[in-house]
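Bear in mind these aren't lab numbers, they're just calculated from the coordinates by the rules spelled out. Nothing here was measured: the structure is a model prediction, and the numbers come from that model. Positions of Cβ are backbone-derived with ideal geometry, glycine not excepted, and every protein chain shown enters the neighbour counts.
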Amino acid sequence: DSGVTQTPKHLITATGQRVTLRCSPRSGDLSVYWYQQSLDQGLQFLIQYYNGEERAKGNILERFSAQQFPDLHSELNLSSLELGDSALYFCASSVGPSGGDNEQFFGPGTRLTVL
Amino acid sequence: GDSVTQMEGPVTLSEEAFLTINCTYTATGYPSLFWYVQYPGEGLQLLLKATKADDKGSNKGFEATYRKETTSFHLEKGSVQVSDSAVYFCALSVYTGANSKLTFGKGITLSVRP
């Protein structure tokens, strides 16, 4: 158990809908990262927050947004869902924003299925 | 941009066989290199890392050496076990001082048969 929790574990929804994925980082970690794992794209970095502030953006679609709250949990919002958004979404956390020893700890993931 | 290339899979080995999984990278800066492992139904776990050239990362019998001259970080294990069956990802991170995003390879599935 990494200490990173993600809810829900599974989510099944229809095209055009909107969903929210939730992540709670390890105690003491200030950085949160979101990654998408799909069969065709592999594992891709979406976005990083550090202490409530956006630090880096990757291949995140405009239909997707995220935020980190004062209690450090984070939410990833996916809207106008398409079939191709079906994937496993991982959250990770780390103590700091950067650095060679800034190990990222991954949650178990949320599996999103868009029908 | 940054990228990681892993050898094509899947790989199937017999128990106690020698394992090599190739990984090469391109990076805009000076990266740190990682191997992550994903067991069935679980999230990713850091297996080992190396933060500078010629460093050797090791854990659970796995080893990888950061080779700057060949831009490689190949994973090796002398004797695999059935419990090593998992998906292995090579990854890098170039530290800018501002963030720590990881760039992953496509991953390779390892199956070890008794």
Hey, could you pull the Cα Rg and Dmax for segment B:32-108, both in Å? 12.7, 40
When the expected Rg is taken as 2.2 N^0.38 Å, what fraction or multiple of it is the alpha-carbon Rg of segment A:42-88? 1.21
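Under 14 Å from the Cβ of residue A:84, count the other residues' Cβ atoms, weight Lys and Arg +1, Asp and Glu -1, and hand me the total.
-2
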Work out the count of Lys pairs in chain B where the Cα-Cα distance is under 14 Å, with the pair 8 or more places apart or on different chains. 5
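In segment B:10-114, which chymotrypsin sites (Phe, Trp or Tyr not before Pro) are in a loop and have at most 10 other Cβ atoms within 10 Å, using DSSP for the loop call?
Working: sites: B:18, B:25, B:34, B:35, B:36, B:62, B:66, B:73, B:88, B:89, B:95, B:104; in loops: B:18, B:66, B:73, B:95.
Sparse-neighbourhood loop chymotrypsin sites (Phe, Trp or Tyr not before Pro): B:18.
By DSSP, what percent of the beta bridges with both residues in the protein assembly as shown are antiparallel, rounded to the nearest 5? Walk me through the numbers before you get to the answer.
On the way: 72 of 80 bridges.
Of the beta bridges lying entirely in the protein assembly as shown, close to 90 percent run antiparallel.
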Just in segment B:9-61: which trypsin sites (Lys or Arg not before Pro) are loop by DSSP and have at most 14 other Cβ atoms within 10 Å? B:52, B:60
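Quick one: compute the contact order of chain B, relative version, from alpha carbon pairs under 8 angstrom and 6+ residues apart, as a percent. Working shown, then result.
Numbers: 292 pairs, mean separation 40.8, N = 114.
Reported as a whole number, the value is 36 percent.
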Quick one: in the protein assembly as shown, what % of C-alpha pairs are over 23 Å apart? 48 percent
I'd like the distance separating the alpha-carbon centroids of segment B:22-53 and segment A:86-115, in whole Å. 14 Å
With just the Cα atoms defining each centre, how far is segment B:70-111 from segment A:1-57? Give it in Å. 20 Å
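Just the number: Rg to Rh for segment B:1-61, Cα atoms, Kirkwood Rh, two decimals.
Working: Rg = 13.5 Å, Rh = 13.8 Å.
Using Cα coordinates only, the ratio equals 0.98.
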Convex hull over the Cα atoms of chain A, averaged projected area in nm²? 6.7 nm²
